[in-house]
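In what follows, a structure is listed as structure tokens, so that the remarks can point back to it.
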Amino acid sequence: SRLRRLGLMLSSSCCPSHLSLCDVRGFDPCDVCVNVKDGKVTVSAERMEEQNSALGKTCTHKKYLKEFSLPPGVDDDEVTYSV
């Protein structure tokens with residue numbers, strides 16, 4: 001399953017300080033927002049796509065949100081991320 005693969009990736013990571021992996025496939029990196037405040041990390045992404053066809057217009061809206069608390073002793077300013 002996807003969760004099992006993500007867990008394996010996290011546990012086999014070369015950097016033991018990784019806290020989380022988030023699956024944001026389907027979003028452009030510019031769609032992803034990471035906020036760190038008051039000991040909490042919030043990862044969000046939102047995307048809307050419109051397509052026109054002979055039958056009419058369709059609209060697809062995707063939204064992702066994950067929030068978790070930092071471990072005790074971790075300063076908000078120490079958190080880094082990459083997409």
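The values are calculated or read from the model by the stated rules, or taken from the named source; none is laboratory data. Computed from a predicted structure; not experimentally measured. Methodologically, a virtual Cβ is constructed for each residue, glycine included, from the backbone with ideal geometry; neighbour enumeration extends over all protein chains shown. These accessible areas exclude ligands, DNA and RNA; they are computed on the full protein's heavy atoms, side chains included. Shrake-Rupley method; radii C 1.70, N 1.55, O 1.52, S 1.80 Å.
Miscellaneous remarks
- Matching entry among VAL34, VAL74, VAL41 (being of a type in the set (Val, Ile, Thr) and modelled with pLDDT under 85): VAL74
- When region 16-36 is filtered for residues that are surrounded by 10 or more Cβ atoms within 10 Å (Cβ to Cβ), in contact (Cβ under 8 Å) with a residue 24 or more places away in the chain and within 15 Å of SER82 (Cβ to Cβ), the ones remaining, listed by number, are LEU19, SER20, CYS22, VAL24, PHE27, VAL32, VAL34, VAL36.
- Among the residues of region 64-83, the ones that are surrounded by 13 or more Cβ atoms within 10 Å (Cβ to Cβ), of a type outside the set (A, V, I, L, M) and not in a strand (DSSP E or B) come to 1 in all.
- Scanning region 37-63 for residues that are open to solvent by 50 Å² or more (accessible area, probe 1.4 Å) and either touching a residue at least 24 places away in the same chain (Cβ under 8 Å) or of a type in the set (S, T, N, Q) (or both) turns up LYS37, ASP38, LYS40, GLN51, ASN52, SER53, THR58, THR60, LYS62.
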